[in-house]
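Visitor: A single structure is presented below for examination.
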Amino acid sequence: MDESMIARQDAYIEKTDVWAKLSAPVPAGAISWRQDGKVTSREGKYFARFVAYIEANTVRERLDTVVPGEWDLTLDLLPTIAGEDGDGAQCSFKARLQILGVIREDVGTGRDYKQASTDAFKRAAVRFGVGNELYDYEQNWVEMDGDGKYARPLEDPAVA
């Protein structure tokens, strides 16, 4: 086997290792839960759906640890879209994440520029496997202490 073939093999193994490290599960302590949608009433009780998420800083830290200086993010502002159920307009961005020359894109939305750009960044990172395991979590329906804007869960959504 000549040296160029060995070098290509080593480069392939190294890149495979990088993708595995990017898609490794995030630490349990980095996973949080947020309410997704409005509180609904069932049989005299109030419930809300909760979904697992990670912060954008967790994604950035993973990229900086695994591929320091080898990733780039570009955000493009998209036209504003009408909010659901009269909640107001939603901002949206398209994120273009490049890691070691490989590009993945996705779109994120939110009530403001920060929320929308962060959502787009995290969604593009998922296309490289970062935090992908969060989609394996079931949506948790948790009993709430009321149906108002400031209703709180009666139990920890991570435990429910």
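Visitor: Using +1 at the C-beta of Lys and Arg and -1 at the C-beta of Asp and Glu, which of S32, T65, G44 has the Cα lying farthest in the positive direction of the dipole of region 23-65?
Guide: G44
Visitor: Sticking with this one: Please report how many Lys pairs in the chain have alpha carbons closer than 29 angstrom, counting only residues at least 8 apart along the chain or sitting on separate chains.
Guide: So the count works out to 15.
Visitor: Now for a separate question. Highest GNM mean-square fluctuation, the chain, Cα pairs closer than 10 Å: which of G129, G88, G108?
Guide: G88
Visitor: Report the FRET efficiency, 1/(1 + (r/R0)^6), for Y150 and R60, where r is their Cβ-Cβ distance and R0 is 30 Å, rounded to 0.05.
Guide: E(calc), rounded to 0.05, equals 0.45.
Visitor: Just the accessible area per residue of region 69-160, please: how many Å² with a 1.4 Å probe?
Guide: 63
Visitor: Which of Y135, Y150, Y113 moves most in a GNM of the chain, Cα contacts under 10 Å?
Guide: Y150
Visitor: Work from the charge dipole of region 52-101 (Cβ charges, +1 for Lys and Arg, -1 for Asp and Glu, about the Cα centre) and give the residue of T80, I54, L97 farthest towards its positive end.
Guide: Towards the positive end, the residue furthest out is L97.
Visitor: When the dipole is taken about the Cα centre of the chain, and only Lys, Arg (+1) and Asp, Glu (-1) are charged at their Cβ, what size is it in debye, to the nearest 20?
Guide: Dipole about the Cα centre, nearest 20: 360 debye.
Visitor: Okay, moving on. In the Gaussian network model of the chain, springs joining C-alpha atoms below 10 Å, which of F50, F128, F93 carries the largest mean-square fluctuation?
Guide: Taking springs between Cα atoms under 10 Å, the residue moving most is F50.
Visitor: How large, in percent, is the carbon and sulfur part of the accessible surface of the chain at a probe radius of 1.4 Å?
Guide: With neighbouring chains kept in place, the figure for the chain is 49 percent.
The values are calculated or read from the model by the stated rules, or taken from the named source; none is laboratory data. Everything numeric here is computed off the predicted structure, so don't read it as measured data. Don't worry about glycine lacking a Cβ; one is built from the backbone with ideal geometry, like all the others, and counts go over all protein chains shown. These area figures cover heavy atoms from the full protein model, side chains too; ligands, DNA and RNA do not enter into them. Shrake-Rupley method; radii C 1.70, N 1.55, O 1.52, S 1.80 Å.
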